[in-house]
Amino acid sequence: MRLILSRKGFDSTAGGCASPILPDGTMVSLPIPDRKSPIRYLDIAVHGQALGPLVEDLTGGALTPRARAHLDPDLIAGAFPRKRGWRPIFGQAGGEQTVLARAGVGAGDLFLFFGWFRRAERVRGHWRFVTGAPDQHVLWGWMQIDATHAVGDGRSPTWAAYHPHVAAAAHRSNNTLYVGAAGGLGTGVFARYDDRLRLTRPGERRSRWSLPGWFEPRGRPPLGYHHVASRWRRAGDRVHLQSVARGQEFVLDTSHYPEALPWVRELLVS
């Protein structure tokens, strides 16, 4: 099995702020803006929370509820009206799809989605980030792959017509859909923040991670994009990693890391 740490949601250039951790610990990954998408923020609700007001408040009005949203990965049933037969789905294109294809990512492999998060609060009817709350990279969802489809090959599911990688396919090269599995590890989002989901080392910039020690390459093929040895530093039973600033899909071949699957299973029951 291949494990893919996949960076998704608002970032410093797309959206311009963190996704929020709500007062009850609920994590809401905000889809990046996409002017070609048929979906608006006001059309989406996550865990009962409408995204329109969240996006408008947290971006200071830079994005309005009527702005178009790239709802991808789309993992949560009921978040948006869809046709019968819908299943969780994720699209990738361009150079990052080339990364996945070269690594042989396909059925049975597992995406672990992470993003930039910060605690938020509601004050006098509006959302804002908690003063002094840390910026963190946090795991927020997962999807085991059931099938892949090259967009335009005539085999994409008809219910996926709403998806940004299908509805606005013309401007995407190397365009591919990944459909989530119903069995196995399945697909889902983590309902609440938990320290075990945090990648960022406490007190550090969000790109500085603390991972279980078994992630250390020690002569094995390393986590994708992280081949430079100086990025890794052992710290007891943990390993510190200076994660790369760019790139979205970090692939780990778990055949070299037998500890990976037990670690994933523990996260999924948290």
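Values quoted throughout were computed directly from the atomic coordinates according to the rules given, and no laboratory measurement underlies them. A quick note: this is a predicted structure, and the numbers were derived from the prediction, not measured. Quick reminder, even Gly has a Cβ in these numbers, built from the backbone with ideal geometry, and neighbours come from all protein chains shown.
Worth a mention:
- Taking trypsin sites (Lys or Arg not before Pro) across the range 1-80, the ones in a DSSP loop with at most 13 further Cβ atoms lying within 10 angstrom of their Cβ are Arg35, Lys36, Arg66.
- In a reduced charge model with +1 at each Lys and Arg Cβ and -1 at each Asp and Glu Cβ, the chain shows a dipole moment near 360 debye about its Cα centre.
- Net lengthening on full extension, Arg102/Ala182 (0.36 nm per residue, minus Cα-Cα): 26.3 nm
- GNM top mover of Arg124, Arg172, Arg238 - the chain, alpha-carbon springs below 10 Å: Arg124
- Taking Pro164, Pro202, Pro258 in turn, the Gaussian network model of the chain (Cα-Cα springs below 10 Å) assigns the largest fluctuation to Pro258.
- The ranking of His70, His126 by Cβ neighbour count inside 10 Å, starting from the fewest, reads His126, His70.
- Within the chain, longest stretch clear of exposed GluC sites (Glu not before Pro) (DSSP loop, no more than 16 other Cβ within 10 Å): 1-203
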